[in-house]
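Visitor: Pasting a structure here, questions to come.
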Amino acid sequence: MKKILLLLAALAVFQVLGAQAPAPVSIPEAEVSVMDFGAVPDGITLNTEAFQKAVSAVVKMGGGRIVVPEGLYLTGPIVLKDCMDLHLERGAVILLSPDKRDHLNGESVRPGISASKRHDVSISGEGIIDGNGAWWRPVKRSKVSDVEWKDYRKMGGTVSDDGSIWYPFGLKHLPDIAADAKTQEKRRTHLVRFTDCQRVSVTGVTIQNAPKFHLVPQRCQDVTIEGVKVRCPWNAQNGDGIDIMQCQRVYIARCTVDVGDDGICLKAGAGEKALKDGPCKDIVIEYNTVFHAHGGFVIGSEFSGGMENITVRHNTFCGTDTGLRFKSAPERGGKTSNIRIHDIVMTDIRDQAIVFQTDYADRPAGYEANQAAQTRNFLPEFTDIDITRVTCRGCSVAIKAAGTEETIHGIRISDSVFFWTDAPTQISATPGVTLENVRLESFPD
């Protein structure tokens, strides 16, 4: 009954927006246990083959559920098929093998759990999907304590010439899959990824410690992500939480995110190809909590395909670097349309509560920051964005907008309260940002 009421509430939100709500997945009632195919949940035995056999059995049945009982299942990649639910019972942990060879598919590295060009695909339950990310991610010396640094060094690995970065290359007990540390670093994989799928659902589970991004639907339609916990160390390199890439009809609700990079992020590709793949469109993001992240809710940096009909409401950000973050640059920008954000609560935001940036530059580990392209191709155009009823206690700067009237215009921020410590606003000389009934407070002089 509770699920039905929540679904009806979600449908009502989309109706108010005049947008189409995501269609639910359809999974047959047939069911198998991964234990029926020789799985050994001892944390030592590699269970890749058992999962593959379970998937094949469900395919022959015409779809159904794969149940993962309580226990620790070490495995390589799991590839889901049509009309299939991977269900993790309470106490079940799927742990990606730290041996990178177990994830190779020719020269490429497969995500931990994936589906490509499928329909009605689901992950559900109360268990945990763990990416074993410490064996994959580089670590910046400036972001860890002396104790943590020594722990990484005990694993073996390689330290950059200037001593600033540790790479999991040349580990004591595990082989490499590339000729050098930086090449291997670029082969890090996502933990859960759905590509070009119709009707996707992820509910209830915990997704943690990804080698790179945690949960990535890309070019999918009808996506529901509800009651999911996403977590990793605060300093995890590229540790994005939920990244929605050029998807349509998406509902994200009642999730908890605590990660090393962007929390809940929307992307829509860069350049000409992004125009073909289309926008992020008809998306509702509500009742989520984001703890550490570079941004609580983020658009960018790539969104050449566009952002349309997006509502972000009743979300809480506690301890994020920024709250509402809009970032892009030439060659990767696009246009936003009908973005409505309201009833947002923030505490202890390290930098800006709301920030618009149009010269964003990537900073891969071990490389100098890539400078924003000096071109007028695919300029970002942040516009038609209405932000209201934001309450923020604690931020360095309440509102920052760095750009021109061409790249930032039609932004309205209203009926909001910010308590800042360094500056109330840092807004470029452009009329593109309008403040209405916005209260900006700080400590007395």
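Each value in this text was obtained by applying a stated rule to the coordinates, not by laboratory testing. Just so it is clear, the structure is predicted and the values come from calculations on it, not from any experiment. Here the Cβ is made from the backbone with ideal geometry for all residues, glycine too, and neighbour counts use every protein chain on show.
Visitor: Pick from GLU272, GLU107, GLU49 the residue whose mean-square fluctuation is largest in a GNM of the chain, springs joining Cα atoms under 10 Å.
Guide: With Cα springs under 10 Å in the chain, the top fluctuation among GLU272, GLU107, GLU49 is at GLU107.
Visitor: State the three equivalent ellipsoid semi-axes of the stretch 166-214, derived from the C-alpha gyration tensor as the square roots of 5 times its eigenvalues, in descending order and whole Å.
Guide: Values: eigenvalues 172, 36, 12 Å².
Taking √(5λ) for each Cα gyration eigenvalue gives 29, 13, 8 Å.
Visitor: Moving on. Just the number, please: Stokes-Einstein D of the stretch 139-181 in µm²/s, Kirkwood Rh from C-alpha pairs, 20 °C, 1.002 mPa s.
Guide: Details: Rh = 10.7 Å.
Here the translational diffusion coefficient equals 201 µm²/s.
Visitor: Same structure again: Report the gain in length on full extension from ALA23 to GLU148: 0.36 nm times residue separation, minus Cα-Cα distance, nm rounded to one decimal. Write out the running numbers ahead of the final one.
Guide: Values: separation 125, 0.36 × 125 = 45.00 nm, distance 4.52 nm.
In short, 40.5 nm is gained.
Visitor: Can you list the trypsin sites (Lys or Arg not before Pro) in the stretch 167-266 that are in a DSSP coil and have 13 or fewer other beta carbons within 10 angstrom? The partial results should precede the final answer.
Guide: Details: sites: LYS172, LYS182, LYS186, ARG187, ARG188, ARG193, ARG199, LYS212, ARG219, LYS229, ARG231, ARG249, ARG254; in loops: LYS172, LYS186, ARG187, ARG188, LYS212, ARG219, ARG254.
Those that pass, being in a loop and sparsely packed, are LYS172, LYS186.
Visitor: Also, I was wondering about something else. Can you give me the Rg/Rh ratio for the chain, using Cα atoms for both radii and the Kirkwood formula for Rh? All intermediate terms of the calculation are to be shown ahead of the outcome.
Guide: Numbers: Rg = 22.0 Å, Rh = 22.6 Å.
Dividing the radius of gyration by the Kirkwood radius yields 0.97.
Visitor: Right, here's the next one. FRET efficiency for MET155 and ASN437, Cβ-Cβ distance as r, R0 = 60 Å, nearest 0.05?
Guide: Values: r = 54 Å, r/R0 = 0.90.
The formula returns an efficiency of 0.65 here.
Visitor: Moving on to the next point. Near the amide H of GLN426, under 5 Å away, which other amide H atoms are found, from residues 5 or more places off or on another chain, if H is placed in the peptide plane?
Guide: Excluding prolines and chain starts, which carry no amide H, the hits are ILE399, LYS400, ALA401.
Visitor: To the nearest 0.05, what FRET efficiency results for SER414 and THR347 with a Förster distance of 25 Å applied to their C-beta separation? If you can, show how the numbers build up before the last one.
Guide: On the way: r = 21 Å, r/R0 = 0.83.
In this case the efficiency is close to 0.75.
Visitor: List the aspartates and glutamates whose Cα sits under 14 Å from the Cα of LYS172, skipping any in the same chain fewer than 8 residues away.
Guide: Answer for LYS172, where 14 Å is the Cα cut-off: ASP99, ASP151, listed by chain and number.
Visitor: Looking at the chain only, what percent of DSSP beta bridges run antiparallel? Nearest 5 please. Walk me through the numbers on the way to the answer.
Guide: Numbers: 7 of 141 bridges.
The antiparallel proportion sits near 5 percent.
Visitor: Under a 10 Å cutoff between Cα atoms, tell me which one of ASP415, ASP258, ASP161 has the largest fluctuation in the Gaussian network model of the chain.
Guide: Maximum fluctuation in the GNM of the chain, among the listed residues, is at ASP161.
Visitor: Hey, another quick one. With respect to the cross-link table entries LYS276/LYS335; LYS100/LYS140; LYS182/LYS212; LYS53/LYS186; LYS212/LYS267; LYS212/LYS281, which display a Cα-Cα separation exceeding 19 Å?
Guide: Working: LYS276/LYS335 15 Å; LYS100/LYS140 21 Å; LYS182/LYS212 15 Å; LYS53/LYS186 31 Å; LYS212/LYS267 16 Å; LYS212/LYS281 25 Å.
Where the Cα-Cα span goes over 19 Å, the pairs concerned are LYS100/LYS140; LYS53/LYS186; LYS212/LYS281.
Visitor: Does anyone have the angle between helix 2-17 and the longest principal axis of the chain? Alpha-carbon axes, 0 to 90°, nearest 10?
Guide: 40
Visitor: Can you spot the lysines whose alpha carbon is less than 28 Å from LYS60's alpha carbon? Ignore those fewer than 8 places along the same chain.
Guide: LYS81, LYS117
Visitor: Output the 0 to 90 degree angle, nearest 10, between the alpha-carbon long axis of helix 48-60 and the longest principal axis computed from the alpha carbons of the chain.
Guide: 90
Visitor: Given a Förster distance of 35 Å, report the FRET efficiency between THR183 and TRP234 from their Cβ-Cβ distance, rounded to the nearest 0.05. Spell out each step's value before the answer.
Guide: Numbers: r = 27 Å, r/R0 = 0.77.
Computed FRET efficiency for THR183 and TRP234: 0.85.
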